[in-house]
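One structure is given below, encoded as structure tokens.
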Amino acid sequence: MISNTANTNFYDRATDLPNRDFFLESLQRLLDQGDTTNVNVLAVEMDALKRVGMR
């Protein structure tokens, strides 16, 4: 479990995986640096994947 309480808002409590807030904060930090030549984002809607898996 994550011991630093300042970082608990950036991780899922059940899985300890980074969450959407972590992603957005990290992306904003990258964009603020100005050099976005190597920045790529792939967005996957997980609900759609769930429907595919149930077929």
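The values are calculated or read from the model by the stated rules, or taken from the named source; none is laboratory data. This is a predicted model, so every value here is computed, not measured. Glycine gets a Cβ as well: all are built from the backbone with ideal geometry, and neighbour counts include every protein chain shown.
Residues are listed down the side, and each one gets a yes or a no for (1) modelled with pLDDT under 70; (2) small (Gly, Ala, Ser); (3) part of a loop (DSSP other than H, G, I, E, B):
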{"site": "Met1", "(1), (2), (3)": "yes, no, yes"}
{"site": "Ala14", "(1), (2), (3)": "no, yes, yes"}
{"site": "Phe22", "(1), (2), (3)": "no, no, no"}
{"site": "Val39", "(1), (2), (3)": "no, no, yes"}
{"site": "Val44", "(1), (2), (3)": "no, no, yes"}
{"site": "Arg51", "(1), (2), (3)": "yes, no, no"}
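So which residues in the stretch 13-27 are among the polar types (S, T, N, Q) and surrounded by 10 or more Cβ atoms within 10 Å (Cβ to Cβ)? Let's see the steps before the verdict.
Of all residues in the stretch 13-27, those among the polar types (S, T, N, Q) come to 15, 19, 26.
Passing the criteria: Asn19, Ser26.
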